[in-house]
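Have a look at the structure below before the remarks.
A short reminder: the numbers here are calculations on the coordinates, not readings from a lab. Remember, it's a predicted structure, so these values are computed and weren't measured experimentally. Here the Cβ positions follow ideal geometry from the backbone for every residue, glycine too, while neighbour counts run over all protein chains shown.
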Amino acid sequence: MAGSDAGRVTCPILIGREQELDRLVAAVSRPPAVVVLEGEAGIGKSRLLAELAERPEMDGRLLLRGGARRIREPFPLGPLVEALRGTGDYLVRAELSPVAGALRALLPELAPVLPPALDPQNDRAAERHQLFRGLAEVLRALEPLVLVVEDLHWADQQTMEFLSYALALPLPRTSVVLAYRGEEAGPAVREVTGRHADAVFHDHILLTALNSAQTGDMAAAILGEEGVTADFGAHLYELSSGLPLAVQELMALLRARGALIRLRSGRWARKAVAELDVPPGVRDSVRERVARLPEPARVVAEAAAVLHVQARLEELQRVSGLPRADTVAGVDELLVSGLLVEQDGSVAFRHVLTAQAVYGAIPLGRRQELHARAAAAVRARKPVPLGQEAHHLRQAGRLADWVETAEQAAEQASQLGDDAEAVRILEDVLRHAPLEPEHRSRLAVRLGWAAPQMLRPPEVIDLLSQALESEQPGLLRGQLHFLIGLLQERRGEDPGAQRRAFAAAVGDLAGRPDLVAWVMAALGRPIDPRVPLSEHAVWLERALRAVPAIGNPVEEVFVLGKIATSLGGYGDSRWRELTEEVRGRTGGRPRHRQEVGAYRSIAENACLTGSYEIAAALLAAAMREAAGEEWSREPLARCRLVALVLSCCQGRWDGLEEETALLLEEYDGRPFDRLGAETVAACLALARGELDTARRELPDVAGKAVAMGAYELLPLSVAGLLRLSTASGEARGALAATEEAVAVWDTKGLWPLAVRAAPALAEAMVAAGRQDDAAALTDRLATRLDGLDAPLAAAALAHARGHLASEDMAAAAHFRAAAAGYDLLGAPYEAAQARELAAGRLFAGGRSGAGELLLAAMATFRDLGARWDLDRAAQLARRHGVTVKGRYPGGPQGYGADLSPREREIAELAAEGLTNREIGQRLFVSPRTVEKHLGAALRKLGLRSRAALGAHLGTERPRSDPPGP
């Protein structure tokens, strides 16, 4: 039989993948390049990569392959280590800079060719950054290079972070191939593979199942025949669903039986068995093949399946319990059969599905015995793969040993910055291991500190609560209470429960002045609707007094940021002094995650109170640092959430929908944090004229804001809801629906934030026949806001009084004053609304100047893409005979062949030489949004490159570095 050798069955030629192989070769031949190779298990990704290695275009290029493992390790960068550990001979003559010395601990095999080790750092993030630079240095030394990372869906967090770092550089003569299973790839994989520098060539190759004809061709090639009957091919296709691995395994079984004609005797389904994730046809064929092997081969196959990763001969011998000679014979038999493959002196199953099929057939008692031996075998490795050892101990039923090793693995993961892995390990132990109460509490605290650092923290509050039930007064109990409150906040749970958790923590946190100050600052936030402003003020004062005792400059800045944020929402001008203190302590540049958090949180409230310039400056500094390679994704993502709200308030709407959609996807599972993006989406829906969406989403996000205690965001959605309802003749119902929000603002003293909604409240009250109530509310707000730091107050109160004025000229004067105030703040949407209203009252009074005001308002609405407002203003213009410039065809905002304001802004920055990433940081949008608008600008201008923009726009390009995100 062609394509077989002593029981091994593979297809001797590549079937149905010719175009994909040509694309892969073409892509890696034009570095820098990144190729994404996506497909389910058994679809042929490894075969395609093997064919790549044999192509003549690869001559002169070094091909390095490394893969992630299902049994994840807290030790980072496994695929890179696997790819690089054998490159010592290539690096002998390389002139490596000192930073490559950072790799000595990671790659001891390369120690003879690496520079001396670097001095240890106290900053884990800085050490990781040095490590990434060292890896990039070594990869450059190996160029021209094709780096292949397989099974990316199992990769550890730091591998993902390094790939993001490397692809953003990029490496000039390196092509990177990233292979993964699409059905197992999470958002992190999609982000890494979807974002790359402009200078990098990119291709995404999706491998799909073979069709019926191709399945028949594969069978014929394996059989060494010119072809098979259509009926035979169709039936084989039905059994295998066109999965190449399944075809090969089925053909191997049928060949072993010597009865190909009996193919129709089996009716195997394609769907995978949940506990094995193995197609039944593959599972049954593998098990039957293994059953026909000699005893030593069967025993070694079981040992290899239990180890599940590449294993050396001595490890297989130790796990199998066979004499060395029998182990060697068994390994050889499995290699000849094609079940195992050899790589770098170790062996592993050719396919994961094969290993899973063998493993699933091992009886429980035998399986536990093999796992116990496997734990001992991997413990002999240096460094010890703690994740693997813990896995084997657990499966062996040795729970006490599993807990001890798992703790070590979690600690190692935390030290290496892999919070996600630490959380996974600790949650597993707390849910499934028998633990003493004190031990449970200690592990729960460790879990509670790691979980909030994740972009999507898991539901682990129940584990902390269980530990709390038996915990005695003291620091552990205080931390558990505090961490429960923190996780409740992250998950958007009951604000009252959050406050109770924080309050319960205060008395037990003696000895941790940083946590005492933090929890006091948290209690100063307006999270519980029943607590008055006076109580929050007491906690903030206590927090301020507690700051000097912290003793850690970074933690002090962090707490000061929280205090300043709350004071800004209450209109206490001290927030500005504290903001300057935060800036002074950090030199205007936040260098740590906590400092970035301080800048970001102050910026958010500054934005919502109308201090847009301060918000923009703080946010720019925070994003600049958070975008550095040494940071994880979360700090930058949270800055982007605030930038989204700031862009909405400042009328920087071009591209905002795309950025909103991206952030909503990223923050799925974080309801509190994603509320800002949901609010922006709802408000934009109203302005864009998507009224059905706005009617559905505005009440929803307003209700969520009340339920979660996000009262800072509430004025945006309430104002939108009231405006829409008033325009629809439903003001009375909307006022009833927003009574709770108004009551909260009164209780909390949040009118410096909520005054944003005062014009819509006044308009709705007047429409509902409650003129006196509207006047009383406006007067009350003016009194309460007098003397407070409330930048929006003057413009918003003038806007509200315009709705209250019965005389047209007085109303127009109020509206014009409001527009001028909004202009000073940099709030063009509200300014345009006020000008439209002023024009309406001037028209009603028969006074001049109305047309100019209306045209100015319409120009702003048109620039913003505020179709709902533009249509309403256009109706007013038609009623009064104002000539309106026609809207251009060619897009929802009517710019046609002209550049939109955002397209021109991005084009000008690109012409100056800024990269997509730098433009995104300056404009508070994602590099993907920059790319979209820059592409549109180039198309409209008929240009082919960024370089041509400078000449076209009259801007010299001062930099020559290649563009990138």
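Across segment 23-32, coupling constants 3J(HN,Hα) worked out from phi with the 6.51/-1.76/1.60 Karplus curve, θ = phi - 60°, read 5, 5, 5, 4, 5, 6, 8, 10, x, x Hz, and Gly and Pro carry x. The string of couplings for segment 554-571 from the Karplus curve (6.51, -1.76, 1.60, θ = phi - 60°) is 5, 5, 5, 4, 4, 5, 4, x, 5, 5, 4, 4, 5, 4, x, x, 8, x Hz, one whole number per residue in order, with x for Gly and Pro.
Counting other beta carbons within 10 Å of each residue's own, what order do Cys11, Cys639 fall into, fewest first? Numbers along the way, then the final one.
Working: Cys11 21, Cys639 28.
Going from sparsest to densest Cβ surroundings: Cys11, Cys639.
Averaging over all projection directions, the Cα-based convex hull of segment 653-771 occupies 7.3 nm² in the image plane.
Helix-only mean residue ellipticity at 222 nm, the chain, DSSP H runs n ≥ 4 weighted -39,500 (n - 2.57), per residue, nearest 500. What is it? Present the calculation step by step, with values, prior to reporting the outcome.
Values: 48 runs with 600 residues, N = 965.
Theoretical 222 nm ellipticity from helices: -19500 deg cm²/dmol.
Across the chain, Cα pairs under 8 Å and at least six residues apart give a relative contact order of 8 percent. Highest mean first, the peptides 811-818, 432-439, 337-344 sorted by other C-beta atoms within 10 Å per residue fall in the order 811-818, 337-344, 432-439. What FRET efficiency would be calculated for the residue pair Ser212, Leu691, taking the C-beta separation as r and a Förster radius of 45 Å, to the nearest 0.05? Efficiency, rounded to the nearest 0.05: 0.35. Take the Cα of Ala497, step 7 Å toward its Cβ, do the same at Ala661, and the gap between the two points is 3.4 nm. Gyration tensor over the Cα atoms of segment 526-570: the corresponding equivalent ellipsoid has semi-axes (square roots of 5 times the eigenvalues, largest first) of 22, 11, 8 Å. Distance between the 7 Å Cα→Cβ label points at Arg190 and Arg55: 2.8 nm. Within segment 527-605, all pairs of alpha-carbon atoms sorted by distance into 10 Å bins from zero give the percentages 19, 53, 25, 4. Taken as Cα centroids, segment 80-152 and segment 417-462 sit 32 Å apart, rounded to the nearest whole angstrom.
For segment 462-544, the C-alpha radius of gyration divided by 2.2 N^0.38 Å, with N the number of residues, is 1.04.
Among Val319, Val81, which comes first, then next, by fewest other beta-carbon atoms within 10 Å? Display every interim value, and only then the final one.
Numbers: Val319 29, Val81 19.
Lowest to highest Cβ neighbour count: Val81, Val319.
Placing pseudo-labels 7 Å out from each Cα toward the beta carbon at Val336 and Glu288 gives an inter-label distance of 2.2 nm. Based on alpha carbons, the Rg and Dmax found for segment 18-206 are 16.0, 52 Å.
Give, rounded to the nearest 20 debye, the magnitude of the charge dipole that the chain has about its Cα centre when Lys and Arg contribute +1 at Cβ and Asp and Glu contribute -1 at Cβ.
Details: 114 positive and 128 negative charges, 153 e Å.
For this selection, approximately 740 debye.
Each part gets one Cα centre, and for segment 494-571 versus segment 19-37 those centres are 54 Å apart. Over the Cα atoms of segment 276-407, each weighted equally, I'd like the Debye log10 I(q)/I(0) at q = 0.15, 0.21 Å⁻¹, rounded to two decimals. Once normalised to I(0) and log-transformed, intensities are -0.66, -1.24.
Sorting 378-384, 766-772 by average packing, meaning the other beta carbons within 10 Å per residue, from highest down gives 766-772, 378-384.
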